[in-house]
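Chemist: Structure incoming, see below.
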Protein chains: 2
Amino acid sequence: MKYLRNTGILLLVLFGISLSDEGMWTFDNPPKKQLKDKYGFDVTQEWLDHVRLSSVRFNDGGSGSFVSPNGLVMTNHHVGAGQLQKMSTPEKDYIKTGFYARTAAEEVKCVDLELNVLTQMENVTDKVMAAIAGKSGGEAMMARRAALAQLQKESNEKTGLRSDIVTLYNGAEYWIYRYKKFTDVRLVMAPEKQIAFYGGDPDNFTFPRYDVDMCFFRVYEDNKPYNTAHFLKWKTAGAADGELVFTSGHPGSTNRQQTYAQIEYSRDYQYPARLATIKRTIGVLKQFSTLGEEQRRRADGMLFGYENSQKAMTGEYQGLLDKNLMAKKQSDEMDLLNRINANPELKAKYAWAWDSISTAMERTRSRFKELTYRGLSGSLGSRALTIARYANESKKPNGERMPQFQDAMVKLTLENLYSPAPVYPDMEEVLMADRFQEAIEMLGANDPWVMAVLDGKTPAEAAKMYVTGTKLADPAFRKALIEAGEKEISASTDPMIVLARKIVPIGDEMRTWQDKNISGLISMSSEATGKARFAAYGKELPPDANFTLRLSYGQVKGYPMNGTIAPSITTMYGLYDHAYSYANNKDFELPQRFKDGVNKLTLSTPMNLVTTNDIIGGNSGSPVVNAKAELVGLIFDGNIESLPGRFLYSEEKNRAVAVHPGVMIETMRKLYEANALADEIEGIAAKPASPKETPVPPAKPAPKKKK
Amino acid sequence: MKYLRNTGILLLVLFGISLSDEGMWTFDNPPKKQLKDKYGFDVTQEWLDHVRLSSVRFNDGGSGSFVSPNGLVMTNHHVGAGQLQKMSTPEKDYIKTGFYARTAAEEVKCVDLELNVLTQMENVTDKVMAAIAGKSGGEAMMARRAALAQLQKESNEKTGLRSDIVTLYNGAEYWIYRYKKFTDVRLVMAPEKQIAFYGGDPDNFTFPRYDVDMCFFRVYEDNKPYNTAHFLKWKTAGAADGELVFTSGHPGSTNRQQTYAQIEYSRDYQYPARLATIKRTIGVLKQFSTLGEEQRRRADGMLFGYENSQKAMTGEYQGLLDKNLMAKKQSDEMDLLNRINANPELKAKYAWAWDSISTAMERTRSRFKELTYRGLSGSLGSRALTIARYANESKKPNGERMPQFQDAMVKLTLENLYSPAPVYPDMEEVLMADRFQEAIEMLGANDPWVMAVLDGKTPAEAAKMYVTGTKLADPAFRKALIEAGEKEISASTDPMIVLARKIVPIGDEMRTWQDKNISGLISMSSEATGKARFAAYGKELPPDANFTLRLSYGQVKGYPMNGTIAPSITTMYGLYDHAYSYANNKDFELPQRFKDGVNKLTLSTPMNLVTTNDIIGGNSGSPVVNAKAELVGLIFDGNIESLPGRFLYSEEKNRAVAVHPGVMIETMRKLYEANALADEIEGIAAKPASPKETPVPPAKPAPKKKK
């Protein structure tokens, strides 16, 4: 790929540190030198604390930020969509119609949304290292696991804050991150999905783009809007071309510090297999969608998720198939190994780790199919497994349990288990049948897991038996089983529980084998490679992403694209251009409100923008702020050229895609009759609602507040 | 490249004929079967004749069509731009301001524009083959050259029509094409270059696009507008998505039927060398442009030409560097060779030709640098060479002269020589100096040609001496020299003529060597490969393009682009989106007329469109017509994915880019106050000019008619 030949990357080879806008930095180690050298910006602790405390984590996989002193949280529509779907019904489909609460009373409480704010970070590396001193292999792994469980438990008890163990630099550092946790979260405003996800799957992960991918919630504490001094001041004008901007959010994972052997494994095993599974699942969901409008509505969210994954993973896979990228990964690894090997002490401590990881990968490949295809799909199956495992694990000492059943985490695990979110058994049935079919194809009919799940039936018959027979769709039934305890679970005749009991031992065998032969090896070796990287380059490279809060920096900037140059912003003119250009394509159809309201809009209003900031999935909903920490954008995507960024960042073409604050205010005020919300966001003192100026489609009737 | 794996191409391998929309077809051999099978369209002779006689060739490299019964000819702005530049002055810059003649009296006569309409096509293959029967090698080549010169001369004398020899299928067919010739051509309307070439070099050869690349001339005969029954009826609504459309125009050249050895030569020698020369020339022109506004205006047209070539050739070169494309070319050649070798008779007749071409390529490589870098740049140098050569060649028998000095062509050669088009000596000087500098670098200071041109001076000194000393900028001086005859030319002390006399023998030595060792070999061998292709596949593949009239077919259709899909049309909304999105980029700035007039426009008016039609450079200005031969577009470009089409067409992503008739009418009526022109085009009976509705920027004062 042409874009791997840029200056930043050459410098990386020469000096070990990139001068490009690379990096998802932890807040304890911001890239002060790069910011000063490249942008002349002095980042202060006060600035960092304010941005961190204004940032919000959506625990089901996204990011957000406070944008008013009254607990107003902004994120993407596609981050909020899970909740929108859970509170929707066939008669009241917020995904389709959008939603706006004119008053606090009209705000709708979310079904099971938890938001977190990162309030404390404690480095516990020394404590962990002390616990494993002198141990190695499986012994060290168990000792580490026990030490971490103990540290987490102590933190929970001592601080009352949600305390997560955070592994950084492949295990060269351990931290406890403590979060203030909000569970009373209410929906304030969401536009129609049609405009939030304008352009649909075709435009997903691309730019130029024309999406209003926004969603607003309000956080409550003691039944009152949460009052906070840490919120981002809004700048409707946005940032200028070339301006320094930051994102603060929760990138899910990157694989930049994996060894070449791990990346080869991804290329040759993981990606092809996963993409094939995704493809068949999308086929099943599309087929299901054709059965009727309600089926379409039910499949919609999951279909989005799979299509999104398909497109993202296809882009990542293209990166892995690119010889230049792989050559760069290899030469980076060579550079590191040369530095290690040049110093006898470092060589003795770390050089073994790369071979060790290769061995682990070889072992993984030897059981790749079993590890990949012996899985139950769907919420019913996974809940049955949770219940069956709970029965087994709760008997063990805390430190030996699977992490989700350890004292520190079990409460969360059970809260998730009891979620009242709707279950769609008809959809789960067809998906489960296809997983079974795939398992036969990949593992053969004589595989013990396949025999256990099919029980002599066809995939369709078996799935039907489990799904129609189970009562697990009812949260009360799940809760009752857990509360009844191990014996009751072991005796249950619910067919899904029966199935889970049969296959948990098969899974346990694999897990034990993995722990013994692979996981320990990988975690020790990865820790060694992480420490080797420290020894070679210091702490000047950030750790791989892991859904903890990260700061990235960059600038508003276009890029070379498909023979021409992409601009740094788009405008609402382009939205209407697309609507007419793709007149026959439903993905580009405008919501009625946008069709009717065109004359009310200032079409030169900026719509989306791109920046060089280094982000990845999980950053959805992250605020983009300027040097004054003012809100100048709302991250919702990366361009297609950014996808290989999972393995290697390239400043030339890698771009983060954000919603411009201008279009948010413009549509709130002119199309959604949401002046009160726009006033709150822009910090304008409340005033009486302005009279309606033109005949707009009537606003949807305000839904009744739930419970 | 992914797009080589499409069905059409697989079928090509299997059956020898493509079912994709490939081909630039001669009008004697239209793709009747493909049109019937794929589109259910029966093409009639009447339809073909009408479209052919409505088509116009711009002899300096473009295409056009009649769009009214009164001789109104439509082409691209960038096809007309050479004439616009020639009739412009610093005070009256039509390139910058645009032009519109409200009345016939205001139409401006072009400086040296010749338009041709193809009225007759005669297949003379048998006559040529008879002339060379029993001869081979250089003898055959001379015999063919003599026969063709004789045929052309006879045709000129007999018909009074411009008669061009046309070589098709690598020399397996020879034709005489006869043209009605128009030399009284007047400018009617041109928009500002800023909107004709909107997006500039960045957007050139790309899509989505927002250009009004149109220009209108009127053809006169006997000082009256030329009356014709053959013109294209206009359809302002354009064609629907998926509709069958045709283009009729003059593709300049393709290299699809070259052998693999020739394509390798292009990849390894021609393209890298040519691109390096273009790059340095662009550098010189840009530097020259910075010297002042008048220098910028002078360099503008040439700079466009070089940047255009650079982008086109870079795209073509990318195709050559693509291993999949080269593998496909190799497997196509294999398929043909296998068919030939399978038949002993065909094998004996043709199999030798491929090796023979390889030998010729090897010989070319042996003198590649001399053949490439011993050239004078600029109009002064080339005119001096024409004059010096005229003196030599006119002494020889007709059949032995260089083609441009043979009886049939010499008139045209001298007309071109006497063109009153302006010459910019300051610009020619810097360009000539750079050519000399390049020649030193590539050939060394001791090369005889280099020694001859430098004459002991530096490149800059030598260029200055020639350019400032010559009187060749004056057309009258050129004419006087020619008319004075050989002796006067041989005695001239004009420094550019002195130089030309010195280097003509060096050029003649190379040409003689080429004729003897390469040209004859290639023309005989290529003819054999052309005949072999006939024998293997019949006449079901069209010949390579050669700036003769061709018909291509296809449909209005989007395509997969950079992670998403490109639409089949764009709209004027997109134009304004671009103007705001690229606010800091002058290439995307709107003319004042478009800024001021936005509220007068219907912004959903279609602007540009893409079709699968197979075209290449030279097709600029070609009409796009529907099955009823109605005008539904004006070709002005290809997308970036189409550039490797010089070697291999791919229906998946190869697109022709056209101006939509809607935007032409919309802007004429609402921005250019050109209702009379729009009425003429739309076939609306003349009516009084409509009153001005809104304060528009005042129209430029009508220029005085020249002479």
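Chemist: Looking only at segment B:525-562, count how many residues are surrounded by fewer than 23 Cβ atoms within 10 Å (Cβ to Cβ), more than 14 Å from chain A (Cβ to nearest Cβ) and either part of a helix (DSSP H, G or I) or on the phi > 0 side of the Ramachandran plot (or both).
Modeler: Number satisfying all stated conditions: 9.
Chemist: How about segment A:391-506: which helices (runs of 4 or more DSSP H) wholly inside it have at least 1 residues that are among the aliphatic types (A, V, I, L, M) and farther than 22 Å from A:Leu285 by Cα?
Modeler: The helices (runs of 4 or more DSSP H) meeting that bar are A:407-417, A:425-443, A:448-454, A:475-484, A:486-491.
Chemist: Same structure, new question: Among the residues that make up segment A:640-656, is at least one of them surrounded by fewer than 22 Cβ atoms within 10 Å (Cβ to Cβ), of a type in the set (S, T, N, Q) and more than 14 Å from chain B (Cβ to nearest Cβ)?
Modeler: There is no residue in segment A:640-656 that is surrounded by fewer than 22 Cβ atoms within 10 Å (Cβ to Cβ), of a type in the set (S, T, N, Q) and more than 14 Å from chain B (Cβ to nearest Cβ).
Chemist: In addition: Somewhere in segment A:570-583, is a residue within 14 Å of chain B (Cβ to nearest Cβ), over 29 Å from A:Met24 (Cα atoms) and surrounded by fewer than 18 Cβ atoms within 10 Å (Cβ to Cβ)?
Modeler: Yes: segment A:570-583 contains one or more residues that are within 14 Å of chain B (Cβ to nearest Cβ), over 29 Å from A:Met24 (Cα atoms) and surrounded by fewer than 18 Cβ atoms within 10 Å (Cβ to Cβ).
Chemist: Which residue, of A:Glu441, A:Glu429, is under 22 Å from A:Phe288 (Cβ atoms), within 29 Å of the chain's Cα centre (by Cα) and of a type in the set (Asp, Glu)?
Modeler: After applying the criteria, what remains is A:Glu429.
Chemist: Next up: Within segment A:230-238, can one find any residue that is of a type outside the set (A, V, I, L, M, F, W, C), more than 20 Å from A:Ser642 (Cβ to Cβ) and within 14 Å of chain B (Cβ to nearest Cβ)?
Modeler: Yes, the conditions are met somewhere in segment A:230-238.
Chemist: Let me ask something additional. In segment B:115-150, what residues are modelled with pLDDT under 95 and either among the basic types (Lys, Arg) or within 29 Å of B:Val219 (Cα to Cα) (or both)?
Modeler: Matches in segment B:115-150: B:Lys135, B:Arg144, B:Arg145.
Chemist: For segment A:59-106, name all the residues that are among the aliphatic types (A, V, I, L, M) and closer than 25 Å to A:Tyr210 by Cα.
Modeler: The answer is A:Val67, A:Leu72, A:Val73, A:Met74, A:Val79, A:Ala81, A:Leu84, A:Ile95, A:Ala101.
The rows are residues; the columns are (1) surrounded by fewer than 17 Cβ atoms within 10 Å (Cβ to Cβ); (2) over 29 Å from B:Lys181 (Cα atoms); (3) touching a helix residue (DSSP H, G or I) at 6+ places or on another chain (Cβ under 9 Å); (4) assigned by TED's automatic domain parsing to the domain that holds B:Gly378.
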site: B:Glu441; (1), (2), (3), (4): yes, yes, yes, yes
site: B:Asn446; (1), (2), (3), (4): yes, yes, no, yes
site: B:Trp449; (1), (2), (3), (4): no, yes, yes, yes
site: B:Thr458; (1), (2), (3), (4): yes, yes, yes, yes
site: B:Ala463; (1), (2), (3), (4): no, yes, yes, yes
site: B:Gly469; (1), (2), (3), (4): yes, yes, yes, yes
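Chemist: In contact (Cβ under 8 Å) with a residue 60 or more places away in the chain, in the same structural domain as B:Ala500 (by TED's automatic domain parsing), in a loop (DSSP other than H, G, I, E, B) and of a type in the set (A, V, I, L, M, F, W, C): is that true of B:Leu376 in this structure?
Modeler: yes
Let's see how each residue does on (1) closer than 30 Å to A:Thr206 by Cβ; (2) not assigned by TED's automatic domain parsing to the domain that holds A:Thr468:
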position	(1), (2)
A:Leu321	yes, yes
A:Ala342	no, yes
A:Ala353	no, yes
A:Glu362	no, yes
A:Arg389	no, no
A:Glu393	no, no
A:Asp407	no, no
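Chemist: Scan segment A:184-238 for residues that are of a type in the set (Val, Ile, Thr) and within 20 Å of the chain's Cα centre (by Cα) and jot them down.
Modeler: Selection gives A:Val185, A:Thr206, A:Val212.
Chemist: Here's another thing I want to ask about it. Looking at (1) surrounded by fewer than 20 Cβ atoms within 10 Å (Cβ to Cβ); (2) not in a helix (DSSP H, G or I), which is the only condition A:Gly238 fails?
Modeler: Against the list (1) surrounded by fewer than 20 Cβ atoms within 10 Å (Cβ to Cβ); (2) not in a helix (DSSP H, G or I), A:Gly238 comes up short only on (1).
Chemist: Among the numbered criteria (1) over 21 Å from the mean Cα position of the chain (by Cα); (2) part of a helix (DSSP H, G or I), which single criterion is violated by B:Met302?
Modeler: Only one criterion in (1) over 21 Å from the mean Cα position of the chain (by Cα); (2) part of a helix (DSSP H, G or I) is unmet by B:Met302, namely (1).
Chemist: In addition: With respect to A:Ser620, is the statement that it is among the hydroxyl-bearing types (Ser, Thr, Tyr), crowded, with 21+ Cβ neighbours inside 10 Å and away from every other protein chain (no Cβ under 14 Å) true?
Modeler: The answer is yes for A:Ser620.
Chemist: Still on this structure, please answer the following. Can you name the residue in segment A:584-604 that is over 31 Å from the mean Cα position of the chain (by Cα), within 11 Å of chain B (Cβ to nearest Cβ) and in a loop (DSSP other than H, G, I, E, B) and, of all such residues, is farthest from A:Asp203 (Cα to Cα)?
Modeler: A:Thr602
Chemist: Which condition number in (1) crowded, with 17+ Cβ neighbours inside 10 Å; (2) in contact with a Leu (Cβ under 7 Å, 6 or more places away or on another chain) is the one that A:Leu417 fails?
Modeler: (2)
Chemist: Taking strands (runs of 3 or more DSSP E) that do not extend beyond segment B:62-129, which have at least 2 residues that are in contact (Cβ under 8 Å) with a residue 12 or more places away in the chain and more than 20 Å from the chain's Cα centre (by Cα)?
Modeler: B:115-123
Chemist: State whether the residues of segment A:613-620 include one that is touching a Phe, Trp or Tyr at 6+ places or on another chain (Cβ under 6 Å), within 30 Å of B:Arg655 (Cα to Cα) and not assigned by TED's automatic domain parsing to the domain that holds A:Gln262.
Modeler: no
Chemist: While we're on this one: Do we find that B:Arg365 is under 24 Å from B:Ser519 (Cα atoms), surrounded by fewer than 19 Cβ atoms within 10 Å (Cβ to Cβ) and more than 14 Å from every other protein chain (Cβ to nearest Cβ) in this structure?
Modeler: Criteria met by B:Arg365.
Chemist: Every residue in segment B:443-484 that is in contact (Cβ under 8 Å) with a residue 40 or more places away in the chain and within 23 Å of B:Ser419 (Cα to Cα), please.
Modeler: If the condition is that a residue be in contact (Cβ under 8 Å) with a residue 40 or more places away in the chain and within 23 Å of B:Ser419 (Cα to Cα), then B:Tyr466, B:Val467, B:Thr468, B:Thr470, B:Leu472, B:Ala473, B:Pro475, B:Arg478, B:Lys479, B:Leu481, B:Ile482 are the ones that fit.
Chemist: Continuing with the same structure: Is it the case that A:Leu634 is free of Cβ contacts under 8 Å to residues at least 40 places away in the same chain, of a type outside the set (S, T, N, Q), at negative phi and assigned by TED's automatic domain parsing to the domain that holds A:Pro567?
Modeler: no
Chemist: Just to be sure before I move on: is A:Gly558 under 25 Å from B:Thr206 (Cα atoms) and at pLDDT 95 or above in the structure I sent?
Modeler: yes
The values are calculated or read from the model by the stated rules, or taken from the named source; none is laboratory data. Keep in mind that what you see is a predicted model, and the values were worked out from it rather than measured. As a convention, Cβ positions derive from the backbone with ideal geometry for all residues, glycine included, and neighbour counts pool all protein chains shown.
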